[in-house]
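The values are calculated or read from the model by the stated rules, or taken from the named source; none is laboratory data. Because the structure is predicted, anything quoted here is derived from the model rather than measured. Every residue, glycine as well, gets a Cβ built from its backbone with ideal geometry; the counts of neighbours run over all protein chains shown. The protein model used for the area step is the full one, side chains on, heavy atoms only, and it has no ligands, DNA or RNA in it. Shrake-Rupley method; radii C 1.70, N 1.55, O 1.52, S 1.80 Å.
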Amino acid sequence: MGKKKLDWGSLPFGYMKTDKRFVSNYKDGAWDAGKLTKDEKVVISECACVLQYAQTCFEGLKAYTTKDGRIVTFRPDLNAARMKSSCERLEMPVFPEDRFVKACLDTIKANIDWVPPYGSGATLYVRPYMFGSNAVIGVKPADEYQFRILVTPVGPYFKGGVKPIVVRISDLDRAAPHGTGDIKAGLNYAMSLHNIVDAHKCGFAENMYTDPATHTYIEETGGANILFVTKDGKLVTPKSNSILPSITRRSLIQVAKDYLHMEVEERQVNKSELSDFAEVGLCGTAAVISPIGKIVDHEKEILVPSGMESIGPVLGKLRETLTGIQMGEIEAPEGWIYEIK
């Protein structure tokens, strides 16, 4: 059919219906073979468990066009493993990891004309998700489930692309101590919706959450992990049991160590340290790295030395290296890149 005629460079980070999506159903203790379908509608009982008790989890990854014209995706095996953890925590059946990866590749291939061209700044966002689909009125897990994958072409997550943003320290929590903060459950994101809407009304791009037990240590934002760079060039990432294990963060840590030969620390970060860092940023599949130029802690403004004009040199180099690996400009570590053929 040929590449879709879209204004690739002006795409928002939003949903657009594409040609095919993958669907597999779990019933009587087993997953069916699954299929690709043109039908984007989901038909479930009015009493479906997902609607009553939010039994759902999801993942997010991307497909890219490389410099030499190949279509690839980035580390889907880690998304499969993370969804496995989410399913186990939510008492949902695990969709087999090998089938998860194959379904992602098949869905991308079925929508190959929607993968943005190299250099456009856009990507194909891939959203695998699962939910309890049968009627449940008592508080218990569902007996039937649906696993689906949709794809949609997207532009940058934050308007303006890679420009420093302003965030605030939140008084609310995104996760409970010993709760579900370390899995990608829909309920975690539902908890953050009021707070992000309020943040936007107040002029902030995101909320920076502290640990839910003591409100002393920096954890993550509503939708991304956080990176810090010390004045002597060390990469620091917060460590906590209630932080989502970001695949982008884990990849950036390896890039920092193996490609840029940086020292990396994964540790608790006290909020009193914020003014000591040279660079601060968010990282995740959607944004890769978005620099933070200013952090507002109630009446106190912390101006990050890298400023509000552009990404700092260290985070900039990290971002450039990781996106270079993803786009085929830099040789990737073994097993990171899956080509769609």
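With distances taken between every two different alpha-carbon atoms, region 68-186 has a Kirkwood hydrodynamic radius of 17.2 Å. Taking LEU36, LEU150, LEU235 in turn, the Gaussian network model of the chain (Cα-Cα springs below 10 Å) assigns the largest fluctuation to LEU36. Basic side chains Lys and Arg get +1 at the Cβ, acidic Asp and Glu get -1 at the Cβ, and with that the dipole of region 28-104 about its Cα centre reaches some 460 debye. Ranking TYR129, LEU105, THR180 by how far each Cα lies toward the positive end of the dipole of region 102-190 (charges on Cβ) leaves LEU105 at the top. The radius of gyration of the Cα set in region 119-234, together with its Dmax, comes out at 17.6, 57 angstrom.
For the Cα trace of region 229-341, dividing Rg by the Kirkwood Rh returns an Rg/Rh value of 0.99. Principal axis analysis of the Cα atoms in the chain yields extents of 56, 51, 36 Å, listed in decreasing size. A crude spin-label estimate for the pair HIS178 and LYS341, with each label 7 Å from Cα along the Cβ direction, gives 5.0 nm.
May I ask for the Kirkwood hydrodynamic radius of region 180-273, worked out over all distinct Cα pairs and given in angstroms to one decimal?
Details: mean 1/r = 0.0698 Å⁻¹.
In region 180-273 this quantity evaluates to 14.3 Å.
Net charge in the neighbourhood of THR56 (other residues with Cβ under 13 Å of its Cβ; Lys, Arg +1, Asp, Glu -1) is +2.
Taking GLY293, GLY155, GLY69 in turn, the Gaussian network model of the chain (Cα-Cα springs below 10 Å) assigns the largest fluctuation to GLY69.
Where Lys and Arg each count +1 and Asp and Glu each count -1, what net charge lies around TRP336 among other residues with Cβ under 14 Å from its Cβ? Here the count lands on -2. Per residue, the chain exposes 46 Å² of accessible surface when a 1.4 Å probe is rolled over the protein heavy atoms with every protein chain present.
With 0.36 nm allotted per residue and the present C-alpha distance subtracted, the LYS27-ARG127 stretch has 33.8 nm of extension available.
My understanding is that a pair violates if its Cα-Cα distance is over 32 Å; which of LYS41/LYS184; LYS4/LYS84; LYS294/LYS317; LYS84/LYS257 do that in this structure? Flagged as over cut-off: LYS4/LYS84.
Sparsely packed loop sites in region 26-107 (the GluC sites (Glu not before Pro) outside DSSP H, G, I, E and B with at most 14 other Cβ atoms within 10 Å) comprise GLU40, GLU46, GLU91. Each Lys or Arg adds one and each Asp or Glu subtracts one; over the other residues with Cβ under 14 Å from the Cβ of LEU282, this totals +2.
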